[in-house]
């Protein structure tokens, strides 16, 4: 375990997690977009905190482990925003995503695969 | 096997035992694996509102039940860890096998979900990884997660018998960290794939 520390009441945390699970299921049923975001994804973050902090004992762990995990998460965020333009946009100042804007079919007219399997 | 245990049990150049540090590094790398997958899913989902219509075909009660199962198995493994620390190895052994049982139930539910989509007679309900990009993501994400569940169950089974004899009790904490991470991944996959319609 992460050093000597008092053990949290694991059953209480489990009950809390189950309550959060019920809320995350019922909330989106109401069909209100912002409430769906809060109850489904906001509560997922809260559940993650409780599992990480108490079941994984991150609250009692060395602080640099937090830094390690946060750094990894931030780098995933960098990846997210790095590729977002490729996925979300179909063109930019100097490029065009021909698959997304469906012009590839026209471009492909200029390419023919001959009998040898060569692209011409 | 040595009663003294491996160096990773006790040596600590960083303030925490080397074995535990290794698991944290593993989990950081897992953040990139699942984080990258989830990030791509979110981007495509935002760009393809019609995916909400595909999510209707997932079974929310099955996903919710599996969330309950994994949260409960997380409780079991932390109780196993607690028992191992108190040198109550029989109790720790018992809770490890409860956790493995939880993993088994999770996989059975997944099997039910997969088979109802992959082998559906009704063409509208037939959903394979090739149906469209939503289902490619669905099977990739849930399949990769299920492989992690299987891996965790195998490791827990392997360490449980040593544990019963009092060997290497620190391994319960290490596999516990991994299992909680698998739980956290599901906590995100559930709303993304099942709830957001």
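The values are calculated or read from the model by the stated rules, or taken from the named source; none is laboratory data. Everything quoted here is computed from the prediction, not taken from an experiment. Glycine also receives a Cβ, built like all others from the backbone with ideal geometry; neighbour counts cover every protein chain displayed.
Brief remarks on what is shown
- Check on residue B:34, closer than 30 Å to residue B:197 by Cα and either at pLDDT 90 or above or surrounded by fewer than 15 Cβ atoms within 10 Å (Cβ to Cβ) (or both): yes
- When restricted to residues that are in contact with a helix residue (DSSP H, G or I) (Cβ under 6 Å, 6 or more places away or on another chain) and modelled with pLDDT under 95, region B:95-127 contains 1.
- From B:157, B:141, B:84, B:120, residue being within 21 Å of residue A:56 (Cβ to Cβ) and either buried (at least 22 other Cβ atoms within 10 Å of the Cβ) or out of contact with any strand residue (DSSP E or B) (no Cβ under 6 Å at 6 or more places or on another chain) (or both): B:84
- Scanning region B:164-188 for residues that are over 17 Å from residue A:56 (Cα atoms) and either crowded, with 23+ Cβ neighbours inside 10 Å or out of contact with any helix residue (DSSP H, G or I) (no Cβ under 8 Å at 6 or more places or on another chain) (or both) yields a single hit, B:167.
- Criterion violated by residue B:51 - all others in (1) surrounded by 21 or more Cβ atoms within 10 Å (Cβ to Cβ); (2) over 16 Å from residue B:152 (Cα atoms); (3) free of Cβ contacts under 8 Å to residues at least 24 places away in the same chain satisfied: (3)
- Hits in region A:1-15 (condition: facing another protein chain (nearest Cβ under 10 Å) and modelled with pLDDT of 90 or more): A:10, A:11, A:13, A:14, A:15
- Taking each residue of region A:80-102 that is within 9 Å of chain B (Cβ to nearest Cβ) and on the phi < 0 side of the Ramachandran plot and looking for partners that are in a strand (DSSP E or B) and surrounded by 12 or more Cβ atoms within 10 Å (Cβ to Cβ) with beta-carbon atoms closer than 7 Å, six or more apart or interchain, yields nothing.
- Scanning region A:32-52 turns up at least one residue that is at pLDDT below 90, within 22 Å of the chain's Cα centre (by Cα) and outside any helix (DSSP H, G or I).
- All positions within region B:55-87 that are within 16 Å of residue B:141 (Cβ to Cβ) and within 8 Å of chain A (Cβ to nearest Cβ): B:67
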